[in-house]
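Written below as structure tokens is the structure these notes are about.
The values are calculated or read from the model by the stated rules, or taken from the named source; none is laboratory data. Predicted model only: the values in this text are computed from it and were never measured. Cβ placement follows ideal geometry from the backbone for every residue including glycine, while neighbour counts extend to all protein chains displayed. Protein only, heavy atoms only, side chains kept; ligands, DNA and RNA dropped before computing areas. Shrake-Rupley method; radii C 1.70, N 1.55, O 1.52, S 1.80 Å.
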Amino acid sequence: MRKRIRREKYRCDKPTHRVLPYRGTTPPLFDSLEQLMQQLSFALPEYMISQTLISTDHFLSYAWSCCLFSGKRNAVFPSLEMAHHQLGEPHLSHLIVDMESLTTSRLRALETLRQPCLCNRGLQIYLLAAKSDPAQINFLRAAGPFHVIARDLSVIPFRQALLIPPERSIHEPLFPSTEWKILSSLAQGLTMKRIARQLNLPYHRVVYRLNTQLKQLGLPDRQSLIHLLHRLTLDRNQQMA
């Protein structure tokens, strides 16, 4: 009798289902980083925005906010001016700017993005540009600590480029403050002599700095640089006209 009770007790305690053996495979690096970013994002209060997209392309805005990065902490603005109150927030981690759909000029947008309050913090700034214009891509990369992404990427590479940004080399050249003032003045139509007077620099020094930037951008002559600056000063309406 006691043996029978023990057998039934053993049968009751024995699980009726099978447990699959544990496989010690580690998740891919991409999934681990995505899970970590989701944990950090959901640790923030709901009213805080962690990712901001600047674009007037409704298809891109919908795909980014509903498919690529769905959540309450994403915000879409049609211009940098309308998102100005969000750019200085310390919890903003990603800023994606669609350079091809800006209503203002791309040079003006770069001037805003070069502000010290944006460049001297942990904010990752991504610029979406057309791959068909390599001179423009080189200019965007040298304009500041930005990550330039081709706008025509497919969904998976585009999402991976935003989650795992490439590290910029410490030897990668950027436009210093003086060179940027020279390029901005040249885009406004000023002559080299007038630019030299405004910056209180010798004329030959301004010419030397400009030639250095031509080599950095891979442009053959000054006329090519002027054409590039002219394209960057056009807004969306002027480009379509």
Pairing a residue in region 134-146 that is without any contact (Cβ under 8 Å) to a residue 24 or more places away in the chain with any residue that is among the β-branched types (V, I, T) and open to solvent by 10 Å² or more (accessible area, probe 1.4 Å), where Cβ atoms lie under 7 Å and the two sit 6 or more apart in sequence or on different chains, gives I137/V148
Counted residues in region 104-138 being out of contact with any helix residue (DSSP H, G or I) (no Cβ under 9 Å at 6 or more places or on another chain) and open to solvent by 30 Å² or more (accessible area, probe 1.4 Å) come to 6
When D152 is run through (1) assigned to a loop (DSSP other than H, G, I, E, B); (2) over 24 Å from L234 (Cα atoms), the failure sits at (2)
From the option list S70, S79, single residue qualifying as at pLDDT below 80 and not acidic (D, E) is S70
Subset of region 139-153, residues open to solvent by 60 Å² or more (accessible area, probe 1.4 Å) and under 19 Å from S224 (Cβ atoms), comes to R141
Selection over region 173-216 where residues are farther than 15 Å from L229 by Cα, open to solvent by 100 Å² or more (accessible area, probe 1.4 Å) and either part of a helix (DSSP H, G or I) or aromatic (F, W, Y) (or both) yields a count of 9
If we ask which residues in region 57-91 are assigned to a helix (DSSP H, G or I) and free of Cβ contacts under 8 Å to residues at least 24 places away in the same chain, their number turns out to be 8
Notebook entry, point to check: Quick check: is even one residue across region 98-107 assigned to a helix (DSSP H, G or I), modelled with pLDDT of 90 or more and of a type in the set (K, R)?
Noted result: yes
